[in-house]
Amino acid sequence: MRTPGSLPLPRPLVKRLSEIGPIEIRQVRRTTDEDLVNSLVEQHHYLRYTRPVGEHLKYLVTAGEHPIACFFWSSASRYLGPRDRHIGWSQSARKANIRLIAYQSRFLILPWVRVPHLASHLLGRVSRQLSSDWQRLYAHPICFVETFVDPDRFRGTCYRAANWAYLGKTTGRGNSPTRKPNRSRKLVFGYPLARDYRRLLCSEG
């Protein structure tokens, strides 16, 4: 596949989920399709492309040979109040186990794709392979995932439909040295990839 460059948008894909053909979700970090995913996110995601920090994976979703969606996952924030309260871990456990959480920094369904329920379907599909893909690249699993949703743009409907839990709101402070809000507050959603995720994340052994 080639990057789309300045080519016109494809014809709209307006179908039911059962009608779009086999869906493939491929991890493309360190593959020839990584540039394509970067380009699609840069062109079509409202936050555009920024290089993920720390450990990270990128996914290309295709129906047939046609791209329909992209995911970015990266290392989680060290401190996140709603998540930390949900897990109930100590400072030492958080320091030891933060690597077992992944942050979904980008989720893009391409603008010409109009397929009801596709977003929640893809969230369910990628959650079943993320940990094993992370294990292959970084030699450790993932047992919990999180993401932020801007309530000025979205309601988090697809996350709720995919059984992600609403954990609360960010403070809007980011890394501000003054500890004063400097950005909009985001909704925080989380989803466990392991049944015993709290035991794994709270372990200090």
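The values are calculated or read from the model by the stated rules, or taken from the named source; none is laboratory data. No experiment lies behind these values; they were computed from the predicted model shown. Using ideal geometry, Cβ is built from the backbone for each residue, glycine included, and neighbour counts are taken over all protein chains shown.
Please specify each residue of segment 22-62 satisfying the condition of being in contact with a His (Cβ under 9 Å, 6 or more places away or on another chain) and among the β-branched types (Val, Ile, Thr).
Passing the criteria: only 23.
Just checking, how many residues over segment 72-96 are within 30 Å of residue 30 (Cβ to Cβ) and either under 19 Å from the mean Cα position of the chain (by Cα) or exposed (fewer than 12 other Cβ atoms within 10 Å of the Cβ) (or both)?
Filtering segment 72-96 down to residues within 30 Å of residue 30 (Cβ to Cβ) leaves 72-80, 83, 94-96.
Still in the running and either under 19 Å from the mean Cα position of the chain (by Cα) or exposed (fewer than 12 other Cβ atoms within 10 Å of the Cβ) (or both): 72-80, 83.
Residues in segment 72-96 being within 30 Å of residue 30 (Cβ to Cβ) and either under 19 Å from the mean Cα position of the chain (by Cα) or exposed (fewer than 12 other Cβ atoms within 10 Å of the Cβ) (or both): 10 in total.
Here is a yes/no grid of residues against (1) under 30 Å from residue 202 (Cα atoms); (2) at pLDDT below 95:
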{"position": "10", "(1), (2)": "no, yes"}
{"position": "23", "(1), (2)": "no, no"}
{"position": "38", "(1), (2)": "no, no"}
{"position": "57", "(1), (2)": "yes, no"}
{"position": "73", "(1), (2)": "yes, no"}
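Check segment 156-169 and report whether any residue there is β-branched (Val, Ile, Thr) and surrounded by fewer than 19 Cβ atoms within 10 Å (Cβ to Cβ).
Of all residues in segment 156-169, those β-branched (Val, Ile, Thr) come to 157.
With surrounded by fewer than 19 Cβ atoms within 10 Å (Cβ to Cβ) added as a condition, the list becomes 157.
Taking every residue of segment 156-169 in turn, at least one turns out to be β-branched (Val, Ile, Thr) and surrounded by fewer than 19 Cβ atoms within 10 Å (Cβ to Cβ).
So, restricting to helices (runs of 4 or more DSSP H) that lie completely within segment 86-163, which ones have at least 1 residues that are closer than 29 Å to residue 64 by Cα?
Answer list for segment 86-163: 118-127, 130-138, 157-161.
Output the residues belonging to segment 164-185 that are at pLDDT 95 or above and either more than 18 Å from residue 82 (Cα to Cα) or in a loop (DSSP other than H, G, I, E, B) (or both).
164
In segment 11-36, what count of residues is obtained for those that are closer than 14 Å to residue 111 by Cα and either in contact with a helix residue (DSSP H, G or I) (Cβ under 9 Å, 6 or more places away or on another chain) or not in a loop (DSSP other than H, G, I, E, B) (or both)?
Total satisfying the criteria: 2.
Going through 61, 41 one at a time, which residue ends up being among the β-branched types (Val, Ile, Thr), closer than 23 Å to residue 148 by Cα and in a helix (DSSP H, G or I)?
Every option except 41 fails the conditions.
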